[in-house]
Amino acid sequence: MSKKMNLLMFSGEYDKALAALLLANTAKELDVDVTMFFAFWGLFLIRDPEKATSEDKSIYESMFGMVTPKGPEELPLSRMNMAGLGKQMLLEMMEEDKTPSLTDFLNGARKKGVKFYACKLSVDVMGFKEDELLPEVEIITAKEYLVDALASDMQLFI
Amino acid sequence: MSKKMNLLMFSGEYDKALAALLLANTAKELDVDVTMFFAFWGLFLIRDPEKATSEDKSIYESMFGMVTPKGPEELPLSRMNMAGLGKQMLLEMMEEDKTPSLTDFLNGARKKGVKFYACKLSVDVMGFKEDELLPEVEIITAKEYLVDALASDMQLFI
Amino acid sequence: MSKKMNLLMFSGEYDKALAALLLANTAKELDVDVTMFFAFWGLFLIRDPEKATSEDKSIYESMFGMVTPKGPEELPLSRMNMAGLGKQMLLEMMEEDKTPSLTDFLNGARKKGVKFYACKLSVDVMGFKEDELLPEVEIITAKEYLVDALASDMQLFI
C-alpha cells in the first residue's frame, strides 16, 4: 500500500512554503500521496494573483485582502526578511544555483496531483471567495482535515 | 481502537493557539484522544489570568511573569500583530463571522476532556508555580511527553 | 522493534533548538532512534563556530555566511529576543535553575549518537561547505529525508 503525507500549511512564509513544496514534489516522485491543507496565513500561497476582488466583502475583509500577499511571490521570509532585502538576497542565491522559484515548485505540485485543500473556517473569517483561490483548491472543514491527517504516515505543521 | 493526537504547544501565539484548539475540539468530536503538551511560550496560554504571583520567585522570574501574556486573550499574533492592530482586525473579522473566541475554544477543550500537560523544565526555568496554571494542567517531564507522543497516530509541533 | 523519531530542523532559533535537542537527548535515553535533518535556517545550529570560510563562495554566499549566526550560541530567540536582551534574561533564568546550555544539549546529542543530516539544496543555496559544518553531519537530499521520515513513528517540523 502506498504511503501518505499530510502537510498543514499555516504560516504563509516564502521560505517555509518553499520547503513544504519541495517535500510535496519529492514525495510525489516517491509515489507518496500528498495532501496540503492551507489555513490562516497559509491561504496567501494559494490565492490566484489575477483574481483578487472586494465584491461581497465587509470593509475589514476588503482591507485585509488588499494589504496581505497575493500569491506565492509576495510572501515574506520567516526570518531576516529585512523589508524585502533579505528575501532579495535569498532569491539571488537561489538563481546562482539555478534553483526553481516558489512558483515553479507550486506549479510542479499542481501538475503532479498534490491535493490542495483550504480550511473553511479560515476562508470564512478572512473573507476569501472560492474564485480568488487556485482552481485546484477544494474547501473542507477541520474535521475532514483530521480524518485525512490521522490516516497519514506523517503529518507536519508548517 | 480509538485514535490519538498529540500537540506540542511551543509558540504561545494567538492564531496558532486558535488553530490548535480548533483541532483539539474537533478531534474530541471524532472520539480521538487528545493530549496538549505546553512548553516554553506555550505556557502563556494556560496561565490562569487571575492567579499571577511574584511570591517565592527570583527577580528574573518575577519580571518575566509580569511582562509576558497572562492567559489566552493576551497572546499576540504570529504575524501582522502590528502592536495589536492586526490582532484587533482579526478579532473583528472573527466576530463578523460569529467565530468563537480563543477563550471559548480553550474552555471547550477543557470541558471535552483534552489532556493538558505542562513541560516541567519550562515551568522551572520560567519560574511558574503550579497554582498559576489552569487547574486541569498536570506537570510532566519531556520523557513522559515522548512516551505519549510516540504512541499517538499524529503529532504536531505548533 | 525500537521506535524512531525524525525532527526537521528548519527555524534556527535558540529556544526551538533547545526544545528539539532536549527531545533528542531524552529520546535516546528511551532507546529511540533519532534523526535530525537541518534545512534552511536550521543549518546555523550545526555550523562549526571555528570554521567559517569565504573561500570558493560567491559574493552573496560570503556576505550571507558572515551576517548569519555561527553555531548554537549565536542563535536568536523566536520571540521576545529584543536585540538579545530577552535572550540574556532567558540564559540567566536557565543558569539559576542549573539548566544545561544549548551547546551542552548539542554535545550530548552528538555523544549519544543522534544522526545529523543537512539538506543538500539548503547547503547549496546558502553556499556552505561541508568543512564548515560539524564533523558528524552528513549531507543528504530531500528524497533521503522523506524515506527516513516516512519510516519513523513521529515527525516534527521545528
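The values are calculated or read from the model by the stated rules, or taken from the named source; none is laboratory data. These figures come from a predicted structure and were not determined experimentally. Cβ placement follows ideal geometry from the backbone for every residue including glycine, while neighbour counts extend to all protein chains displayed. In case anyone asks, the SASA skips ligands and DNA or RNA and just uses the protein heavy atoms, side chains included. Shrake-Rupley method; radii C 1.70, N 1.55, O 1.52, S 1.80 Å.
Key figures for this structure:
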read-out: Ranked packing of A:90-100, C:148-158, most packed first, by mean Cβ within 10 Å; value: C:148-158, A:90-100
read-out: For chain C, built as a Gaussian network whose Cα springs stay under 10 Å, the top-fluctuating residue of C:A109, C:A27, C:A39; value: C:A27
read-out: Pairs beyond 27 Å (Cα-Cα), from C:K16/C:K98; B:K115/C:K3; B:K57/C:K70; A:K16/C:K4; value: B:K57/C:K70
read-out: Between B and A, accessible area buried - total, square angstrom, nearest 100, 1.4 angstrom probe; value: 2800 Å²
read-out: Whole-Hz couplings from phi, Karplus 6.51/-1.76/1.60, listed for segment B:7-12; x for Gly and Pro; value: 10, 8, 8, 9, 8, x
read-out: Taking N as its residue count, the alpha carbon Rg of segment C:15-158 over 2.2 N^0.38 Å; value: 1.08
read-out: Solvent exposure ordering (accessible area, 1.4 Å, most first) of C:R110, C:R79; value: C:R110, C:R79
read-out: Percent of Cα-Cα distances greater than 37 Å, calculated over the protein assembly as shown; value: 23 percent
read-out: Shielding by other protein chains, B:95-101, mean Cβ within 10 Å; value: 3
read-out: Interchain or long-range residues, amide H under 5 Å from B:D48's placed H; value: B:L133, B:L134
read-out: Sulfur and carbon atoms: percent of accessible area, the protein assembly as shown [1.4 Å]; value: 53 percent
read-out: Heavy-atom surface of segment A:107-158, accessible at 1.4 Å and reported per residue (Å²); value: 39 Å²
read-out: Chain C: most fluctuating residue of C:A52, C:A17, C:A83 per GNM, C-alpha cutoff 10 Å; value: C:A83
read-out: Top of B:I46, B:I59, B:I140 by mean-square fluctuation, Gaussian network on chain B, Cα under 10 Å; value: B:I59
read-out: Closest approach to the axis - chain C beta-carbon, rotation onto B, Å; value: C:F157, 4
read-out: The protein assembly as shown - mean residue ellipticity at 222 nm from DSSP helices (-39,500 (n - 2.57) per run, n ≥ 4, rounded to 500); value: -12000 deg cm²/dmol
read-out: Peptide A:145-154 - average C-beta neighbours from other chains (10 Å radius); value: 6
read-out: Accessible area of B:V123 in the full protein assembly, 1.4 Å probe (Å², nearest 10); value: 10 Å²
read-out: Peptide B:36-43 - average C-beta neighbours from other chains (10 Å radius); value: 2
